[in-house]
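J.: Right, I'll just put the structure down here and ask away after.
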Amino acid sequence: MAPIPGSGLAKGLAVTLRTMTKKTVTEQYPDTQPDLPPRTRGVIGLFEENCTVCMLCARECPDWCIYIDSHKETVPAATPGGRERSRNVLDRFAIDFSLCMYCGICIEVCPFDALFWSPEFEYAETDIRDLTHERDKLREWMWTVPAPPALDPGAEEPKEIAAARKTAEKLATTQPEPTTPQPTDPTGSNPEPPTEPPAGPTAPEGDAP
């Protein structure tokens with residue numbers, strides 16, 4: 001069946017009329033902050049204490065927008081005669097948000113939970129070179145990271161919590177039970193256990209009254 005001439009135009013005008021009759025909702029930004037979804041990808045926060053300078057995030061970044069510098073320090077032996085150890089100390093951690101495409105690969109591959117998504121989005125700059133934010137700024141954004149959602153009632157217990165609970169239960173079963181202290185004499189010496197009175201002579205069966 002051939003289309004009716006002008007049917008496409010009529011459909012387009014119908015969509016326009018329906019849109020015109022709807023109430024317009026305007027976000028009063030910046031006076032009113034928008035209600036962002038909980039999984040908003042704004043910026044990346046750095047929890048510096050968890051970073052071990054493994055460089056995994058910088059190697060996996062497809063845009064090469066993460067810059068990390070570090071140096072090694074010698075840790076003295078914990079016990080006499082022990083061996084000294086070396087550790088990496090973080091000197092610089094910066095992210096160039098003019099290159100970042102917010103893929104989240106760096107957050108996913110971090111094995112020590114040092115990177116988190118923050119819903120913060122007000123970080124515009126007048127110069128593109130100022131979009132490279134150092135670790136001090138990334139640390140400030142860390143405090144805007146929302147708390148993780150609660151687990152579902154039927155979800156499995158996290159492996160870390162389950163292992164810690166099993167260890168605590170095992171230690172509780174291996175510890176000896178506390179003994180009840182014996183009462184002490186006021187003079188300071190422990191009293192001797194009571195003894196039964198000596199049995200006296202018994203009367204013959206026939207002499208019983």
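The values are calculated or read from the model by the stated rules, or taken from the named source; none is laboratory data. The shown structure was predicted, so the numbers you read here are calculated from the model rather than taken from an experiment. Cβ atoms come from the backbone with ideal geometry, glycine included; neighbour counts cover every protein chain shown. Remember, those area values only see protein heavy atoms, side chains included, never the ligands or the DNA or RNA. Shrake-Rupley method; radii C 1.70, N 1.55, O 1.52, S 1.80 Å.
J.: Step through the residues of the range 73-83 one at a time and calculate ³J(HN,Hα) from phi using the Karplus curve (6.51 cos²θ - 1.76 cosθ + 1.60, θ = phi - 60°), rounding each to whole Hz and writing x for Gly and Pro.
T.: In residue order, the calculated couplings are 10, 8, 9, x, 5, 6, 10, x, x, x, 9 Hz.
J.: If r is the Cβ-Cβ distance from Ile128 to Lys159 and R0 is 41 Å, what FRET efficiency results, to the nearest 0.05?
T.: Working: r = 43 Å, r/R0 = 1.06.
The value I calculate is 0.40.
J.: Let me ask something else. I need the semi-axes of the equivalent ellipsoid of the range 11-66: take the C-alpha gyration tensor, multiply each eigenvalue by 5, square-root it, list largest first in whole angstrom.
T.: Details: eigenvalues 401, 65, 14 Å².
After scaling each eigenvalue by five and taking roots: 45, 18, 8 Å.
J.: Give me the Kirkwood hydrodynamic radius of the range 35-74 in Å, from all C-alpha pairs, to one decimal place?
T.: Details: mean 1/r = 0.0782 Å⁻¹.
Across the range 35-74, the inverse of the average 1/r is 12.8 Å.
J.: Moving to a separate point now. Do you know the relative contact order of the range 8-120, to the nearest whole percent, from alpha carbon pairs under 8 angstrom that are 6+ apart? Working shown, then result.
T.: Working: 137 pairs, mean separation 38.9, N = 113.
Across the range 8-120, relative contact order equals 34 percent.
J.: Roughly speaking, to the nearest percent, how much of the range 8-149's 1.4 Å accessible area is carbon and sulfur?
T.: Numbers: 5660 of 10240 Å².
Result for the range 8-149: 55 percent of the exposed heavy-atom area is carbon or sulfur.
J.: Work through the residues other than Trp143 whose Cβ is under 13 Å from its Cβ and net out their charges, Lys, Arg +1 and Asp, Glu -1. Could the numbers behind the result be given before it?
T.: Working: positive: Lys137, Arg139; negative: Glu48, Glu120, Asp136, Glu140.
Overall, the nearby charge balance is -2.
J.: Something else about it: What does the convex hull of the alpha-carbon atoms of the range 44-134 project to on average, in nm²? Mind dumping the intermediate values first?
T.: Details: hull surface 27.3 nm².
Averaging across all directions leaves 6.8 nm² for the Cα convex hull.
J.: If Lys and Arg each add +1 and Asp and Glu each add -1, what is the summed charge of the other residues whose beta carbon sits under 12 Å from the beta carbon of Pro119? Please list the in-between numbers first.
T.: Numbers: positive: Arg39, Arg41; negative: Asp35, Glu120, Glu122.
Taking every other residue near Pro119 into account, the sum is -1.
J.: Gain in length, Phe121 to Glu108, computed as 0.36 nm per residue apart minus the alpha-carbon separation, to one decimal in nm? Kindly include the intermediate steps, with their values, before the conclusion.
T.: On the way: separation 13, 0.36 × 13 = 4.68 nm, distance 2.04 nm.
The span from Phe121 to Glu108 would gain 2.6 nm if fully extended.
J.: Could you work out how far apart the two model spin labels at Arg18 and Ala150 are, taking each label as a point 7 Å from the Cα in the direction of the beta carbon, and quote it in nm?
T.: 4.0 nm
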